[in-house]
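J.: Got a structure for you, questions after.
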Amino acid sequence: MNSANSTSQDQFSSDSLTDVSKNELPPKVAALSPTEWLKANLFSNTFNSILTVISTAAILLIIRGLLSFIFNPLRQWSATATNMRLLMTQAYPEHQYARIWVSLGFLLFLTGISLAFWRAGRSVQLSQVGKRLLALGAFILLATLLAPFSNKATIIWLIIGIFIVGIGFLLKPSHEDKTVSSLTLLSGAFLLAILSLWVIPYGHHSYLSTRTPKILAEPGTVAMTTKLPWTIMFVVAMCSYFLGSFIREKIDETRSKAVLSATWLISPLFLLFLVLRDPDFDTGHLLSTDIPIFLFFSIVGSVLLLWLTRPDIGEKGRVISAAILFVGFATFLFQMLMIVRILTLVLAFFALAAPTFSGQKPARIRYTKVWIASMVILCWLITAINTPSTAKVPGDFFIGGFAITLMIFFFTMVLAFPLGVLLALARTSKFPIFRIISTTFIEFIRGVPLITILIFFSVMVPLFLPDGMDLTEIAAVTIAFIIFEAAYLAENVRGGLQSVTRGQHEAAEAVGMTNAQKTFFIVLPQALRVAIPPMVGQIIATFKETGLLAIIGIFDFLYIARSVIPGQTQYMGSTRENLLFVSLVYLVICFAMSKASQRVEKRVGLGER
Amino acid sequence: MTDNETKSSVRGDRDLANAQDIIVCEGVSKWFGDFQALNNVSATIKEQEVVVVLGPSGSGKSTWIRCINRLEQHQEGRIMVDGVELSNDLRNIEKVRSEVGMVFQMFNLFPHLTVRDNISLAPIWVRKKPRAEAEEQASSLLERVGIPEQADKFPGQLSGGQQQRVAIARALAMEPKIMLFDEPTSALDPEMIKEVLDVMKELALSGMTMMVVTHEMGFAKEVADKIMFMEGGQIVETGTPEHFFTNPTEERTKLFLSQIL
Ligand SMILES: Nc1ncnc2c1ncn2[C@@H]1O[C@H](COP(=O)(O)OP(=O)(O)OP(=O)(O)O)[C@@H](O)[C@H]1O
Ligand SMILES: [Mg+2]
């Protein structure tokens, strides 16, 4: 090869290189200077200029109005601050308050570990952070000038604004490569918030379960019983995150993710009914009734299921499962412990599903293990709910406020989801009777406003119940939420089911799968993936709808803010402050959920299709 | 060894004359609403036989082949598969389906499962095999269809030819006695057709009973023991490839061949 040839080749390759870089990088748009940007975007012609001026004026007026509302000396913000505990947990007994912190701490511990395992957070460019801070600082400065502040307050806010603008200026020119994790930013923000508890006089805190409030802190400080636990909570969350990132490399990740997800589902039940409700177990009753029932069902059920999951069981198995189902329904005709009825029905369900999961020994043993685990959880849960609580609380439920909002939301989601899937399957089933029942149910529920269903359940249903069965109002209302949401989720899932092509059904049938196996292994996984985005929307809507609890007189977050606190002698008529606070909390949580859901959608959509 | 020699030698091994009948159709008819898609179809397929079904579009080839594992239900006549008559009895259907493998035109792999899970799912839950054994079998089947390295990918990450080979492996994992193919190469780019046909040839040589709907005349000439020509829901002509391609008796067959060759 001669040299001329090689040089020409070099030229050729360098040419093609520049070509490639030209093709792949989008042409750089020259950054507009601020005045150019204004001209291009806001004042491009007369009409746009007028619109810009008018809307700016409107925005400024609204901000000014809001600020003069918030910072009006007449506002009783101390009503919200002082009653923070009431808002969050209603009158949970003070000497047992540590239970709340333990529960919260456990959830934060789970959060920390999960964030680490799912590698949450993305990297944000420092220059972007700088821009955001600049905007925030500028907004604070503007707001300070607009707000009717006292001189001292104006100076303090101006200093804060300038400080933030300063940091923004420092960060803005940083290089594109310099990034920071969004988790770091978030925990930084939390750290600042918690530090501020130690420094800033938010108001003096008292505990208002009785008529004479007990002062917990000197005026102008935050009570130690608030700031210390929160600081510990922060440390717990941080430590568990680092613990999570430390152990995630060392253990089987898929498996531990499955364990984590299961813990997320089960732990709220434990926290609510074991830690928070603190049931006063009666050893005698436990030994004479509860434990024998548990042992009976676990042992008899295991033996039965081990037999029913044999591959060669055939028709006999179906007959026996149907018989158990029949017995399960028959128990409602006789005087009997509720737990026996429920467990019999659950056993019938497991027996009916047995042929789907039958197989060799390991598969059968696995199925039996699932049965025993369900028994442990169900027996323990039902027993705990039936045991009187040691947490003596006015009203007929052991907790209220934001906690009950979250609790009802949790139960709704966890139970409405499987019910919705069942309804959707029934609605698309071959059997007309299932289709008719499910369609009628769904259309009926969707045709009635939620508030009607809630009132119906809280007022009427307890009257209809047979003797010997009673339902607390909270349980009745939760059931109302569950059936309402299930009807809507069913429609979302049905959309997903319809998106599964006929070819998928045929392929599953052609390899000899039964209908149940086809549904469980092939159709549902694909349908649910499609249904995730609409379902998340539905979940967010549900969370907001929990506000309706206030209307039927349950001591939820909104009810305490709207009716309880404004009734206290010191805080007569502080409704507006509290409502503003409640809206802010709802806003933040819904916003966070929708952001999180967008990322989940992205992740689920990737790769596999 | 040329393909022809292979075929004749294998043919020599197979004693088709004395083989058992494995699929028997007697007067099978089927209507979609008022439209008759199958009209009195009668045919017998013997064990280890390779039958290619030809015919113009809309002639009822797919309908017939899908009746044999009851993805469609026939309304008149009888279909016996390996001694079991197809009726509304669910147990018969499941029994027949686990003995008849089917490969579709559009592959129909399960998009949410890896290739390995696609293949081992049915053996585990339908045949009740231990998972380890099923996965081992999946690996050896992937080896057999020539893509052992793709086991952990998802179907969406494979080429069409690879997907169809996975689909064949998935059907084979049930250890079927009969394989049905409904235009297995029609959705493939030309360069991928050969890799799928090669797998099918290998399968035919190994003694699998096969019923193949295809437009690949080369495959039909080379591999088929018998060719059935359908039109208007009827079997118009049946014969060996030599007879069929060189010396067809029916006018309609001649017309079809003149259009296609
Ligand atoms: N589900 C259905 N409903 C109504 N008519 C149908 C249905 N499936 C098939 N047909 C009709 O039955 C006839 C036979 O269809 P079939 O799919 O068996 O033809 P084919 O021979 O496989 O044709 P191709 O080579 O195009 O696949 C066609 O006229 C078709 O329109
Ligand atoms: Mg066809």
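J.: I need the calculated FRET efficiency for the pair A:ASN45 and B:PHE245, taking r as the beta carbon distance and R₀ as 60 Å, to the nearest 0.05.
T.: 0.20
J.: Over segment A:394-609, how many percent of alpha carbon pairs lie in each 5 Å bin up to the one with the longest distance?
T.: Once binned at 5 Å, the Cα pair distances of segment A:394-609 give 1, 6, 12, 15, 16, 14, 12, 9, 6, 4, 2, 1, 1, 0, 0.
J.: If I take all pairs of Cα atoms in segment A:342-489, what percentage of them are more than 25 Å from each other?
T.: Above the 25 Å cut-off, segment A:342-489 has 44 percent of its Cα pairs.
J.: How many nm separate the modelled label positions at A:ARG576 and A:THR472, each set 7 Å beyond the Cα in the direction of the Cβ?
T.: 3.7
J.: Here is a further query. Most fluctuating residue of B:GLU183, B:GLU191, B:GLU222 in a GNM of chain B with Cα springs under 10 Å: which is it?
T.: For chain B, modelled as a Gaussian network with Cα springs under 10 Å, the answer is B:GLU191.
J.: Per Stokes-Einstein, at 10 °C and 1.306 mPa s, what whole-number D in µm² s⁻¹ belongs to segment A:524-609, with the Kirkwood radius over Cα pairs as the hydrodynamic radius?
T.: Value of D from the Cα-based Kirkwood radius: 105 µm²/s.
J.: Turning to a different aspect of this structure: List, in order, the whole-Hz ³J(HN,Hα) value for each residue of segment A:238-251 obtained from phi through the Karplus relation with A = 6.51, B = -1.76, C = 1.60 and θ = phi - 60°; use x for Gly and Pro.
T.: Per residue, the Karplus-derived 3J(HN,Hα) values read 4, 4, 5, 5, 5, 4, x, 5, 6, 8, 5, 6, 8, 10 Hz.
J.: Give the separation of the Cα centroids, segment A:318-366 to segment A:101-160, in Å.
T.: So the two Cα centres are separated by 53 Å.
J.: Exposure proxy check: A:TRP198, A:TRP380 ranked by fewest other beta carbons within 10 Å?
T.: Least crowded to most crowded, the residues run A:TRP198, A:TRP380.
J.: Residue by residue through segment A:313-328, which ³J(HN,Hα) values in whole Hz follow from phi under the Karplus form 6.51 cos²θ - 1.76 cosθ + 1.60 (θ = phi - 60°), with glycine and proline marked x?
T.: 6, x, 5, 3, x, 5, 4, 5, 4, 4, 4, 5, 4, 4, 4, x
J.: Then there is this: Over every pair of different alpha-carbon atoms in segment A:281-387, take the mean of 1/r and invert it; report that Kirkwood radius in Å.
T.: Computed over Cα pairs of segment A:281-387, the Kirkwood hydrodynamic radius comes out at 14.4 Å.
J.: Averaged across B:61-72, how many Cβ atoms of other chains sit within 10 Å of each residue's Cβ atom?
T.: What the average comes to for B:61-72 is 1.
J.: Taking every pair of alpha-carbon atoms in segment B:126-166, give the share separated by more than 17 Å as a whole percent.
T.: Distances greater than 17 Å cover 34 percent of the Cα pairs.
J.: With angles folded into 0 to 90 degrees, how steeply does helix B:160-172 sit against the dominant principal axis of chain B? Use alpha carbons for both and round to 10.
T.: Long axis of B:160-172 versus the principal axis of chain B: about 90 degrees.
J.: Counting pairs of alpha carbon atoms under 8 Å apart in space and at least six apart in sequence, what relative contact order in percent does segment A:394-609 give?
T.: Over segment A:394-609, the number comes to 24 percent.
J.: In whole Å, what are the extents of chain B along the principal axes defined by its C-alpha atoms, from largest to smallest?
T.: Result for chain B: principal-axis Cα extents of 53, 47, 36 Å.
J.: Under a no-solvent Debye model with one identical scatterer per Cα of segment B:135-261, what's log10 I(q)/I(0) at q = 0.11, 0.15, 0.17, 0.20 Å⁻¹?
T.: Reported log10 I(q)/I(0), two decimals: -0.45, -0.76, -0.92, -1.15.
J.: Run the simple label-point estimate for A:THR52 and B:ARG252 please: 7 Å along Cα→C-beta, distance reported in nm.
T.: Each label point is offset 7 Å from its Cα along the Cβ direction, giving 7.7 nm.
J.: Now, a different point. Where the centre of each part is set by its Cα atoms, how far does segment B:166-242 sit from segment A:226-298, in angstrom?
T.: Segment B:166-242 and segment A:226-298 have Cα centres spaced 57 Å from each other.
J.: Let me ask another. Looking at A:VAL511, A:SER33, A:SER267, which one has the Cα that reaches farthest to the positive end of the dipole of chain A (charges on Cβ: Lys, Arg +1; Asp, Glu -1)?
T.: In chain A, that residue is A:SER33.
J.: Does anything in segment A:413-442 have its amide N under 17 Å from the 7 Å Cα→Cβ label point of A:PHE349, and if so which residues?
T.: Output list for this probe position: A:413-427.
J.: Longer than 23 Å from Cα to Cα, which of B:LYS128/B:LYS201; B:LYS61/B:LYS128; B:LYS177/B:LYS226; A:LYS172/A:LYS595; A:LYS518/B:LYS30 are they? Say none if no pair is.
T.: Violating the 23 Å limit, Cα to Cα: B:LYS128/B:LYS201; B:LYS61/B:LYS128; A:LYS172/A:LYS595; A:LYS518/B:LYS30.
J.: Another question, if that's okay. Taking 7 Å along the Cα-to-C-beta vector as the label spot, tell me the B:PHE32-A:ILE200 distance in nanometres, rounded to one decimal.
T.: 7.0
J.: Here's a follow-up. For chain A, report the translational diffusion coefficient in µm²/s to the nearest whole number, using Stokes-Einstein at 4 °C, 1.567 mPa s, and a Kirkwood Rh over Cα pairs.
T.: Using the Kirkwood radius from Cα pairs, D works out to 44 µm²/s.
J.: Based solely on its DSSP helices, what 222 nm [θ] is calculated for the protein assembly as shown when runs of n ≥ 4 H residues each add -39,500 (n - 2.57) and the sum is averaged over all residues, nearest 500 deg cm²/dmol?
T.: -19500 deg cm²/dmol
Any read-out appearing in this document is the output of simple, stated calculations on the displayed coordinates, not a laboratory observation. Since we're looking at a predicted model, the values are computed, not measured. Heads up, the Cβs are rebuilt from the backbone with ideal geometry, glycines too, and the neighbour counts pull from every protein chain shown.
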